[in-house]
Every structure is written in structure tokens, then in C-alpha cells.
Amino acid sequence: MRHEYSPFSPMNAVTGAAGIFLGIIVGFVIGAGQAQPGAPLSAATAPNDAIHSPAAAVVNEAELQAYRDILANDPKNLKAATELGNKLYDAGRFADAVPAYQQALALDPRNVSVSTDLGTAMFYAGRTDEALKQLAQSLEIDPAHAQTWFNIGIIRRDGKRDSKGAVQAWEQLLKVAPNYPEASKVRALIQQTN
């Protein structure tokens, strides 16, 4: 007697469900290992009203090496330098991010976001005075760059213990960017710091 194949056997259902479950787990693990490129810090991501020092994201060393290899072969690759800086920053490796951001900024000296990211990485690397100098250079590029003003306020308050300087930076932020998405948070920072 010939056995007819039935696609809806209990064994096929169990095997299919197990395969789907395994696929979800593998997808999650792979996705969790792929940190997104770092964006400039924002008040929205800042816990406790401070510049956000991100929890160290999972960093893929092979991906970092790929960016380093690209830069070794093409030192003028702006995207690779910026992405390497962002990946290192997101992983909490701020001192390592500084040279990558410096390379990116040398390639695009008018990029206010890279300049501000460089200054912020310097702050987290313990280089507060250099960070403030870099952020001043960001303002030379764009005097109305709200994120730079926000970060200056935080660094003045937390890095220099300069409440007056922090408030002045945040007031300037509100002056140059009255529609700043986190304006209410900035006003609260001013009230708390005064």
C-alpha cells in the first residue's frame, strides 16, 4: 500500500513552528548586534537632563575593522570616518571615537554635526576644555545650531560647574531656535540650574 504525503501532519506543524521561533530568535540577536549610527545628542535622549552618555551598545568588532580597512585604503572616505566615529561613540568608546571624528571633520570642516559630535566625545573622554573649544568651533560653522548650544550648557553645568554659563548657553539656544523641539525641557533646565 502506498502512503500518501500529507503536508499538514503534526510533525510538519511542530517542525515549522520550531523553525519560525528559531528564526525570530536569530533575527533578534543579529538585530541587537547592529547598532544604529549615532546621531547628535539631543535633549530628547538625555536622561536626568544631562548629555546622554549612551549605554554601551553592542559593537561588532568586524564591522569596526571593516571601516578601518576602508579608511586605510581610502583615508578621504568621509562616510567611513563618520560611521566609525558614530559606532565607537555608541559603544561608549569615546576616546577611540575622537580620532575618527577628527578625520571626518578634516574631510568636511563645515559639518557642524560632526564637529559637535567630536566635542561631545571629547567631553566624555575627560577632555572638557577641548570639548568646549570644539563646540565653539561648531558655533563658528553655525551660530544657530541648537544641539551645540544644548551640549555647551550641559558641559558648562556638569563639566565646569558653571551654572551661569550653562544658563547663558540654554538661553541662547532658545533665542536662536525658538521652535526647538525640547524647548520646554530647556526651560526646565534653566529653572533647575538657577
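The values are calculated or read from the model by the stated rules, or taken from the named source; none is laboratory data. In this text the structure is predicted, and so the values were computed from the model without any measurement. Neighbour counts run over all protein chains shown; Cβ positions are idealised from the backbone, glycine included.
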Could you please find all residues in segment 77-111 being farther than 17 Å from residue 148 by Cβ and part of a loop (DSSP other than H, G, I, E, B)? 77, 91, 92, 93
So, in segment 151-162, of the ones that are in contact with a Leu (Cβ under 7 Å, 6 or more places away or on another chain) and of a type in the set (Val, Ile, Thr), which residue ends up surrounded by the fewest Cβ atoms within 10 Å (Cβ to Cβ)? 155
Just one listed residue, out of 120, 148, 116, 128, is touching a Lys or Arg at 6+ places or on another chain (Cβ under 8 Å) and surrounded by 14 or more Cβ atoms within 10 Å (Cβ to Cβ), and it is 128
Members of segment 120-179 found to be at pLDDT 95 or above, more than 21 Å from residue 93 (Cβ to Cβ) and not in a helix (DSSP H, G or I), listed by number: 142, 143, 144, 145, 160, 161, 162, 177
